[in-house]
Structures are given as structure tokens and as C-alpha cells.
Amino acid sequence: MKILILHNSYKQRGGEDTVVEQEEQLLKSGDHEVKSFRFSNDSISGNIQKIITFASIQKNHKSVREVINICEEFKPDVVHIHNFFPLLSPAAHIAAAKSGAAVVQTLHNFRLLCAGAMFLRDGVVCEDCLGNSRLAAIKNSCYRDSKIASAAVVAMQRATLGSENWLSSVDKFIALTEFGKSKFIQGGLPPTKIAVKPNFVSSIDPGPPIQDRQGSALFVGRLSSEKGVRRLVEAWKSLPDVPLDIVGSGPEENWLRENAPPHVSILGAKPRNQVIEKLQNARLLVFPSIWYEGFPMTIAEALACGTPILAANIGAAHEILNDEKCGALYKSDDSLALIKNAATLLNGDLQRKSVNARERFEGLYSAETNLKLIEDIYVEAIANRNRMVR
């Protein structure tokens, strides 16, 4: 197949950017002809440019022209769109569909349903706009603490979920979990158009057996409030004999360095190869995120490394780990449960959970499994587009 990948990359590189790149390489490994085109938020600088960007949030004429030109030149069978906010705009899907290509949209976050993209406000889950008017998003300044910016995002949402033209232009949506799919159905996407395909991890050596590992507990992720890392550090003060390494950077880093006890090490951001090495030598990954998440790459990487996981029982983590064969779950706002579960895991049969983790990765989240899933989705999308043009 000829596949065109479109992605609006972020100023600060994140998990979505990694997923897009890995998926592109996966498709190429399957002998597909792949062309990738990026739109970068780095081009948005200065107040005037920001005003222009938000004024064109429903239809960015420059981006649409570029999509039309690429489709005319490349003639793809499938146009796979990842993040389209804010530069690509919803009009890109309509332009791609008019070219005759099947259009696939991956739903990496909840931006279509929630201006803040996370269903989180003031540190607690918020679904005020799910299936409702979205006026709460404007009232509460949910996007960048600005009513005007939030109103622009709500306008984008209305240009997608509120537009039959846009909905018919997308042949298949990809949700990352069944949980995510259920939220998008609540928000108005057609159930028959949503497929579930998790993120994947390219082949990673699991590292040494769990009983031979030198590390202890590990956190990997952005150091921000929604990741629950401050609550984790406060709770970990009750486990003075259990070292905890924290890898990542973000707005909470200074607070963590000032308040972390001696047995908690704030290591800062690390290259991916060093992160994988830490995961391969850890005895436990702690994932205390307080928002739903899309599909956490850190969890997939820990499973690949055969590293048991202790996670807050919410959203994607609940779905991935609900049988607790690869670790344990705790109520996200219960710090005592976090500590009790961590102690139980570290003093229990980690070897069995480690083996289960690796087996789960190989069965569900490997590159080989994912390639088959995405190819099947593309075939369904093409069939739908062919029916539409008859």
C-alpha cells in the first residue's frame, strides 16, 4: 500500500512523536511505500502568529493546499493523520478524502472531547464537556488558562464532531484502548468506525532476570502534576529502605529536588537508550498518573523489559493491567494503598510477574502483532472509502 502520514508535531517532543516515527518504520518494514509530512508548532511564534493560527483552527488554508498537493503528487491509498491540532486543522481530512484516499485518524489523546485533552481539571477527573455543550471548557479556561484560546478549541471540536462532512471524511478512527473507544463513543464518534490498536514497542531485550537486578523502584515520565509524581514522592517517604529513581523533566522538577528524601533520586531527563537500561534493571515501575492517559509507552516498555508495574487504577493503566498478573493496581488518590502495594510487590513473587509482563508484551504489544493490526485497519478503511465513492 501507499501510505501518507500527516502529523502536527509538538514544540516539546512527546510520546506521540515517538509513536508516529516508530509506526512509520514499522510500515516500511512491511514493504509498504510510506511518505511522511510534518507540520511543526515551532512555526508558531509571537502573538500575531498565534492569532493567525487560532483564527484558522477550523480550516487552515495553507495546510489544506499542502495536503492537496501531496496527495496529487504521491497518490496514496491511505492518508493516516495523527495529531492535527492546531496547524493541520479538520479541513485536512476533508481534503484528503476528496483525493480518493482512505482517511485514518489516530486518537492519541482526548482533544476532540476535552479542550485540555486529558479530562482533568484541578487535579481531579472532569468529564463536564463529554457529550455536552463544551461551554464549561470556556468558562474554566481549560486550554492554556485562556477563555479565548479555549473557545478556539471548542470551535475546532464543533468543526469535527459537529460536522457530518468531517465525520464522513474519516474512514477509520484508531483508539488506543477499549476504554478510550468508549469515551469517544460517548462523545459522538460512530462506534462502527472506531478500531482499537494499542501502541507498540520495537524489540527490546528483557535484560537480566528480576532476581539479579540491581535497581529497585523506578518512575519514568514527565514531571508534571497530571503524572502524580509529587504525590508519589510524598508517599515514598514512608518507604525509607526502598530506593526510588525518578527519570524525566518538567515543571515539577525543582519542587522534587527540593523536597525528595535522600532515598529518592531525581535523575532528570535521559536518552531513550538509558531509560530502557534503567527499566531493564529495575525491579518495579511505579506509574502514579492521575489522568486517563492514551496508551502509556512507559508501561509498554516496562512490559517488554519484564519489569512488574504498580499503577494507579485509572483509564488505560486499568485496562492494560486489570488482572494484576504483571503487577498491581491501587486507587489513584490512596497514598497508603500505593505504599502497601509497593512493599507487597517488592517482597513477593516478582519473578512470576516479570515473566507474565514479558509474555503480555510479546502477545499484545510487539511490532509483529501491531503491523497486522494496522494493515487490517487500512484494508477496512479502503473498503469504506470505495463504498463512499460508488
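Things worth noting here:
- Under Karplus coefficients 6.51, -1.76 and 1.60, residue-wise ³J(HN,Hα) of the range 13-28 in Hz, glycine/proline x: 4, x, x, 4, 4, 5, 4, 4, 5, 5, 5, 4, 5, 4, 5, 5
- Ellipticity estimate at 222 nm from DSSP helix runs (n ≥ 4, -39,500 (n - 2.57)) divided over the chain, nearest 500: -13000 deg cm²/dmol
- Pairwise FRET efficiency - ASP334 versus TRP255, Cβ, R0 = 30 Å, nearest 0.05: 0.85
- Dipole of the chain [Lys/Arg +1, Asp/Glu -1 at C-beta], most positive-end residue of ALA383, ALA282, SER89: SER89
- Overall form of the range 108-207 per C-alpha gyration tensor (a/c, 1.5; a/b vs b/c): oblate
- Spin-label model, ASN386 to ALA155: label points 7 Å out along the Cα-to-beta-carbon direction sit 4.0 nm apart.
- In this simple spin-label model, placing a label point 7 Å from the Cα along the Cα-to-Cβ direction at both SER238 and THR369 gives a separation of 3.4 nm.
- Signed unit charges on C-beta, dipole axis of the range 210-364, positive-most listed residue ILE299, ALA311, ASN347: ASN347
- Mean Cβ neighbour count within 10 Å, used as a protection proxy, ranking 109-119, 257-267 highest first: 109-119, 257-267
- Pairs beyond 28 Å (Cα-Cα), from LYS98/LYS139; LYS139/LYS227; LYS98/LYS181; LYS227/LYS340; LYS75/LYS183; LYS35/LYS62: LYS98/LYS139; LYS75/LYS183
- When the charge dipole of the chain is built from unit charges on Cβ atoms (+1 for Lys and Arg, -1 for Asp and Glu) and taken about the Cα centre, the candidate among SER225, TRP166, ALA337 whose Cα reaches farthest toward its positive end is TRP166.
- Its residue count N fixes a reference of 2.2 N^0.38 Å for the chain, and the Cα radius of gyration divided by that reference is 1.01.
- The lysines whose alpha-carbon is closer than 17 Å to the alpha-carbon of LYS278, local same-chain residues fewer than 8 away aside, are LYS270.
- If only the Cβ of Lys and Arg carry +1 and only the Cβ of Asp and Glu carry -1, the dipole of the chain around its Cα centre is close to 1020 debye.
- Here the gap between SER133 and ARG65, fully extended at 0.36 nm per residue and compared with their Cα-Cα distance, gives a gain of 21.3 nm.
- The alpha carbon gyration tensor of the range 210-364 gives principal lengths a ≥ b ≥ c with a/c below 1.5, which makes the shape rounded.
- Spatially, the range 337-352 and the range 210-245 are offset by 13 Å when compared through their Cα centroids.
- DSSP beta bridges fully contained in the chain are about 5 percent antiparallel.
- Cα long-axis angle, helix 61-74 against the chain (0 to 90 degrees, to the nearest 10): 90
- Nearest-ten-degree value, helix 46-55 long axis tilted from longest Cα axis of the chain: 60
- The overall shape of the range 1-40, judged from the alpha-carbon gyration tensor, is oblate: a/c is not under 1.5, and a/b is no greater than b/c.
- Relative to the dominant Cα principal axis of the chain, helix 350-364 is inclined by about 10°.
Bear in mind that the values in this text are calculations on the coordinates, not laboratory data. These figures come from a predicted structure and were not determined experimentally. Here the Cβ is made from the backbone with ideal geometry for all residues, glycine too, and neighbour counts use every protein chain on show.
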